[in-house]
Amino acid sequence: MPTGTRSMLRVLGAASLAAATAAVGLAAPAAGATEEGYTLSVFHHNDAESAIIADGDFGGAARFVNATWRYRAEAEQAGNATLMVNAGDSFLASPEWAANPSYWFYDSIYQQMVNYDVMGIGNHEFDFGPDVFATFIKGFTAGDATPPFVSANLDFSGVPSLQAYVDQGVLAPSTVVEKDGERIGVIGATTPLLDAISSPGDVEVGDVVPAVQAEIDALTADGVEIIILVSHLQSLNNDIEVVSQLSGLDAAIGGGGDQLQANEGDLLLPDDEADPEFPYPLVVADADGDEVPVVSGPGEMNYLGELVLTFDADGEVTNVGGQPHRVSGIEPELITPHPTVEALVEAPIAEFVAELEAEVIGSSDVDLNGQREPGIRTQETGLGDLIADSLLWQANQLAADAGVGEADIALQNGGGIRNDSVIPAGPITALTTFDILPFANFVTVVEGVEPETLVEILENAYSAVEDVDGRFAQIAGFSVVYDPSAQAREVDEDGNVLTDGERIVSVTLDDGTAIVADGEIVDGAPAVNIATIDFLARGGDQYPFGEDATFSLLATSYQQALANYIVDGLGGTISAADYPVDGAGRITTG
């Protein structure tokens, strides 16, 4: 791509396609289209996260597939070249995911039918380990050629199942796609926090900016004039920061932030509104001062973004436009579900979920708050107490047979609690427990944790409350007082301590034993055994158990532990006395 300034760049923020008809027909010219030059519609989507079943009149895999076909056809009939990209988090632990067989996944089936040109790689692709990600990729080989999966800052050489795809050219730092005679370079990038928030195993994670810039330079040297970044960096702000440090990009597609970008007049979901601070697209100055359009979109499958770029004969961007298209089953768009996806994907999942929903395992006398904010990522809640108690109870039910010591306390990170809602008092079903705790996390006991390490763990747990971070710990077996105004523990992306934390004021076991008092470790304070999940024991969310920590996985997932505790530990009843909405006072500030 030429490096000259882009003084001609004009952002057509309110541009949109004419309202689509029920059948694919000729569309109005796409925003930015001109009689001269080359116009490209980049269709993009991110964070599908296994949200396969439609939420009423919007979204759903079957409707989404038809939406991608329809809007892409309209753009092509308007004279635009089209590119379809996915910005990562293609699947997620959930009841829908639990319906999958072990050897192929429903998510691969419908995403193959979208005919993506390029797939980005997010953090959730690794939540079940790198081999499951490899199985997901394998699902694309059943039909057309597998699309390239791109990430410039990931090294797969330590994982044979993924390195095999590198050898085949399926996994790569970047790829070149030819559209209407033009070569388009697409570079991938994945959050550098991957080790901390997922389970990539021996996949090595590098810095984003130098890795992406190296790919830009290589593509440019190869004569590629149009270069696009597809990243999954967890927020639109992170995308903006990265783009500002790069030179030579024409556009950037982000994922992981769930930010709705839209303009006044765009047709949105009933509860959504365009925010003037987040137009479609945003335009960011890169390291050379050139303007680069940056777009992202909400997760699940309620929207499909279309970024329209017009280039002159020298490969310079002259016009930018586009909009988010809602995936709607009502007028004026009226997108009907794809019957094959309905039959092969949605129907079996719906049947599985219905069976879970019909299985009542208990009842609650109190609302259970699993909201992120205010909730399980910012404060103690009754649901957080319930989950932590279930880990402690289940660990001690299994300890003797597993040959491990009984646990004294329990820790559960808020990021592993996923329902993000208040569950009203009433019946609790098996589906409820999957909604709350969907990941493949196993109950784990870490033995002999010294007081100094416990304090470091708790400093980490309460170091980013103000950021609504998933590391916030719900606890059992003890109480903690922390000072949110004190110095927070600061670490870099590799977990190296930059600044020690000073937030933990007191830690007291339920039997009255003081571990910390007035901010200091009590002389003679004992080591403790901690019940938690293997994700945290392995250092997830930067929990500093230490490389030499001894931990034992027990043969029960955290979802099973919660279900077992409700049925057997509580006799089927969650009482308001034991689990008040705002918790029992285990976590306080002072």
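The values are calculated or read from the model by the stated rules, or taken from the named source; none is laboratory data. Values in this document were obtained by computation on a predicted structure and should not be read as measured data. FYI the Cβ positions are ideal-geometry reconstructions off the backbone, even for glycines, and counts take in every protein chain you see. With ligands, DNA and RNA removed, areas are computed over all heavy atoms of the protein, side chains included. Shrake-Rupley method; radii C 1.70, N 1.55, O 1.52, S 1.80 Å.
Please label the shape of segment 282-349 as rounded, prolate or oblate, based on the square roots a ≥ b ≥ c of the eigenvalues of the alpha-carbon gyration tensor (a/c under 1.5 means rounded; beyond that, a/b larger than b/c means prolate, else oblate). It is prolate, given that a/c is not under 1.5 and a/b is the larger ratio.
The label-point distance for ALA576 and ASP401, in a model that sets each label 7 Å from Cα toward Cβ, rounds to 3.7 nm. As a rough guide to protection, the peptides 341-349, 389-397 ranked by mean Cβ packing within 10 Å, highest first, stand as 389-397, 341-349. Extension gain for the segment SER157 to ASP275, taken as residue separation times 0.36 nm less the Cα-Cα distance, is 38.2 nm to one decimal. Of the whole protein surface, VAL208 contributes about 10 Å² of accessible area at a 1.4 Å probe radius. Note on ARG538: accessible area is roughly 150 Å² with a 1.4 Å probe, heavy atoms of protein only. In order along segment 119-128, the phi-based Karplus estimate (6.51 cos²θ - 1.76 cosθ + 1.60, θ = phi - 60°) of 3J(HN,Hα) comes to 10, x, 10, x, 7, 5, 4, 10, 4, 9 Hz; Gly and Pro are listed as x. Computed packing ranks the peptides 44-52, 519-527 as 44-52, 519-527, most packed first, by mean other Cβ atoms within 10 Å. When Rg and the Kirkwood radius Rh are both evaluated on Cα atoms of the chain, their ratio Rg/Rh stands at 0.99.
Shape summary: segment 132-217 maps onto an equivalent ellipsoid whose semi-axes, from the alpha-carbon gyration tensor, are 22, 19, 10 Å in decreasing order. If you take the alpha carbon atoms of segment 90-235 and fit the smallest convex hull around them, that volume is 117 Å³ per residue. You can think of it this way: the chain between TRP104 and GLU466 has 126.3 nm of extra reach, that is 0.36 nm per residue less the Cα-Cα gap. On the principal axes of its alpha-carbon atoms, segment 340-398 has extents of 45, 33, 22 Å, going from largest to smallest.
Grouping the Cα pair distances of segment 417-489 into 5 Å bins from zero gives a pair-distance distribution of 3, 11, 17, 21, 17, 16, 10, 5, 1 percent in increasing distance order.
Protection proxy ranking of 183-191, 487-495, 436-444, by the mean of other Cβ atoms within 10 Å over each peptide's residues and highest first, is 183-191, 436-444, 487-495. The mean sequence distance of close C-alpha pairs (under 8 Å, at least 6 residues apart), as a share of the length of the chain, puts its relative contact order at 16 percent. The fraction of accessible area contributed by carbon and sulfur in the chain is 47 percent, rounded to a whole number (1.4 Å probe; ligands and nucleic acids excluded).
On the basis of the beta-carbon distance and an R0 of 25 Å, ASN115 and GLU493 show a calculated FRET efficiency of 0.10. May I ask for the angle, rounded to the nearest 10°, between helix 61-77 and the longest principal axis of the chain, with both axes built from Cα atoms and the value confined to 0 to 90°? So the inclination is approximately 20 degrees.
How would you classify segment 185-331 from its alpha-carbon gyration tensor, with a ≥ b ≥ c the square roots of the eigenvalues: rounded for a/c under 1.5, else prolate if a/b is greater than b/c, otherwise oblate? Oblate is the answer for segment 185-331, as a/c is 1.5 or above yet b/c matches or exceeds a/b. Placing pseudo-labels 7 Å out from each Cα toward the beta carbon at ALA145 and ALA425 gives an inter-label distance of 6.2 nm. A 1.4 Å probe, protein heavy atoms only, puts the accessible area of TRP104 near 80 Å².
Taking every protein chain into account, the accessible area of segment 321-461 amounts to 35 square angstrom per residue (probe 1.4 Å). Using Cβ point charges alone (K and R +1, D and E -1), the dipole size of the chain about the Cα centre works out to roughly 1240 debye. Rolling a 1.4 Å probe across the protein heavy atoms gives segment 168-219 an accessible surface of 40 Å² per residue.
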